[in-house]
Amino acid sequence: AVEDADAAAALSRREASFARVQEHYFAEPPLIERGWRHHLFDTRAQSYLDMVNNVTQIGHAHPRLVDAVRDQWARLNTNSRFHYEELSRFTERLAEVAPEGLDTVFLVNSGSEAVDLALRLAQVHTARRTILAVTEAYHGWTVGADAVSSSLGDNPRALETRPDWVELIASPNIFHGRHRGAGSAPAYLAELDEQLARLDAAGTGIAGFIAEPVFGNAGGLMLPDGYLAGVYERVRSRGGVCIADEVQVGYGRLGHYFWGSAQQGVVPDVITVAKAMGNGHPLGAVITRREIAESFAAEGSFFSSAGGSPVSSVVGLTVLDVMRDERLQQNAATVGDHLATRLRALGQRHPLVGAVHGLGLYLGVELVRDRETLEPATAEAALICERMLQEGAIVQPTGDGKNVLKIKPPLCITRESADRFVDALDLVLATI
Ligand code: PMP
């Protein structure tokens with residue numbers, strides 16, 4: 001690595017005052033000063049392909065977004081107790097893109113807030129407490145969102161420390177879970193039936209169920225076919241509310257579907273969104289049916305000081321406009337399919353590549369030491385990320401074994417850049 005005194009000095013300053021619980025990418029991270037489309041540039045004018053930024057949906061420094069924000073900030077920014085056009089324009093658009101029947105929107109500022117609110121909606125609507133959540137998942141850092149997050153990559157003690165209102169069910173991981181393959185839903189559902197029978201016998205009512213409709217945190221794994229339909233049916237037959245956490249995988253990133261739940265062929269009762277919808281501006285939403293929102297309203301009021309502000313609403317509207325005008329979901333489908341095909345081909349030459357998960361521009365390259373035992377190649381994954389940085393591409397591992405390279409670039413990435421990324425990964429894999 002080239003010595004970069006400025007970057008090293010800036011890193012010590014960061015570590016002196018920024019809480020250390022927040023890790024940074026890379027041992028010697030470049031000091032980033034500019035972004036453009038799917039590229040980042042450091043203070044030495046090195047460019048990097050940004051392969052991890054699923055927040056930056058429409059690309060870095062998008063001129064339309066910059067202009068829209070500048071204009072709105074200069075005219076009006078206030079809170080949603082006031083009456084202004086931008087809020088209803090945005091909530092109308094969200095209700096339009098939402099699945100049939102989900103017509104009521106709450107606006108907040110992050111995914112964690114959206115998940116917390118969704119859990120409260122389920123609990124208030126049903127007047128019960130117990131929430132079913134899958135293991136290996138991450139839903140955020142706030143008290144409620146953290147309670148339903150059991151990913152060991154984020155918290156090694158997660159399984160021992162869940163509060164009593166959280167009922168964990170087995171991670172439906174088609175690659176290394178208890179049951180494997182796209183056809184494994186019946187086996188997972190049979191286990192769930194046993195677990196539910198125990199809860200029924202104990203008189204534990206179900207308030208709801210939360211899961212990502214594509215298993216983002218585990219590395220972009222598709223859920224087994226029919227899994228969500230089976231779980232939703234069981235939860236609904238007990239009066240529970242089904243929450244789809246679309247914070248990572250929804251909003252067009254899957255290319256072939258706008259919502260992850262559509263890939264599973266289900267319509268949730270509540271959807272949580274964030275990240276992509278603000279392109280990095282703090283923006284989150286809960287989209288639900290009117291009757292669920294009304295149950296919540298009957299219990300008291302809800303107000304978020306910055307949620308749904310004029311500036312946030314304009315950001316959200318502009319992101320949707322740009323996605324439509326630049327056909328970004330379609331780009332996610334075509335570039336994503338091409339990228340997945342090329343990544344799968346790497347598996348023929350490099351035994352470390354155990355599988356390529358995901359769809360569209362939400363992909364995961366799972367690295368294993370042995371294709372039989374599926375032993376996670378954790379140290380190798382970290383080394384590959386460091387070497388990819390030298391090759392000018394930013395990529396990071398996820399999953400309980402921190403061995404799945406998550407590939408989720410801005411949706412404006414070109415086929416040429418996708419090729420450059422795979423060529424670099426090919427070279428780096430050959431050195432491991
Ligand atoms: N849900 C999922 C699926 C997420 O991946 C995340 C963030 N990684 C969150 C919720 C929380 O979002 P935020 O960081 O905006 O609070």
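The values are calculated or read from the model by the stated rules, or taken from the named source; none is laboratory data. Fair warning: this is a prediction, and the values are worked out from it, not measured in the lab. When we count neighbours, we look across all protein chains shown, and the Cβ atoms used for this are built from the backbone with ideal geometry, even at glycine.
Tell me which residues, restricted to region 228-253, are of a type in the set (Asp, Glu) and within 16 Å of the ligand (Cβ to nearest atom).
Asp245, Glu246
I'd like the residue in region 128-158 that is of a type in the set (A, V, I, L, M, F, W, C) and free of Cβ contacts under 8 Å to residues at least 60 places away in the same chain and, out of all such residues, is surrounded by the most Cβ atoms within 10 Å (Cβ to Cβ).
Ala145
Which one of Leu361, Leu383 is buried (at least 23 other Cβ atoms within 10 Å of the Cβ) and within 25 Å of the chain's Cα centre (by Cα)?
It is Leu361.
How about region 289-334: which of its residues are in contact with a helix residue (DSSP H, G or I) (Cβ under 6 Å, 6 or more places away or on another chain) and closer than 16 Å to Thr78 by Cα?
Gly308, Pro310, Val311, Ser313, Val314, Val315, Gly316
What residue, among those in region 5-58 that are polar (S, T, N, Q) and closer than 30 Å to Thr318 by Cα, is surrounded by the most Cβ atoms within 10 Å (Cβ to Cβ)?
Among those that are polar (S, T, N, Q) and closer than 30 Å to Thr318 by Cα, it is Gln57.
Is it true that some residue in region 215-225 is under 19 Å from Ala114 (Cβ atoms), part of a strand (DSSP E or B) and in the same structural domain as His176 (by TED's automatic domain parsing)?
Yes.
Determine which member of the set Ser112, Ser149 is in a loop (DSSP other than H, G, I, E, B), modelled with pLDDT of 95 or more, out of contact with any strand residue (DSSP E or B) (no Cβ under 6 Å at 6 or more places or on another chain) and assigned by TED's automatic domain parsing to the domain that holds Val249.
Going through Ser112, Ser149 in turn, just one is in a loop (DSSP other than H, G, I, E, B), modelled with pLDDT of 95 or more, out of contact with any strand residue (DSSP E or B) (no Cβ under 6 Å at 6 or more places or on another chain) and assigned by TED's automatic domain parsing to the domain that holds Val249: Ser149.
Return yes when Ser301 is of a type in the set (Gly, Ala, Ser), surrounded by fewer than 24 Cβ atoms within 10 Å (Cβ to Cβ) and either at pLDDT below 95 or not in a loop (DSSP other than H, G, I, E, B) (or both) and no when it is not.
Here the answer is yes, as Ser301 does meet what is asked.
Please verify whether Ala293 is without any contact (Cβ under 8 Å) to a residue 12 or more places away in the chain, surrounded by fewer than 24 Cβ atoms within 10 Å (Cβ to Cβ) and not in a loop (DSSP other than H, G, I, E, B), treating the condition exactly as stated.
Against the criterion (without any contact (Cβ under 8 Å) to a residue 12 or more places away in the chain, surrounded by fewer than 24 Cβ atoms within 10 Å (Cβ to Cβ) and not in a loop (DSSP other than H, G, I, E, B)), Ala293 does not qualify.
Does Val105 satisfy being under 16 Å from Pro268 (Cα atoms) and within 7 Å of the ligand (Cβ to nearest atom)?
No; evaluated as a whole, the condition is false for this residue.
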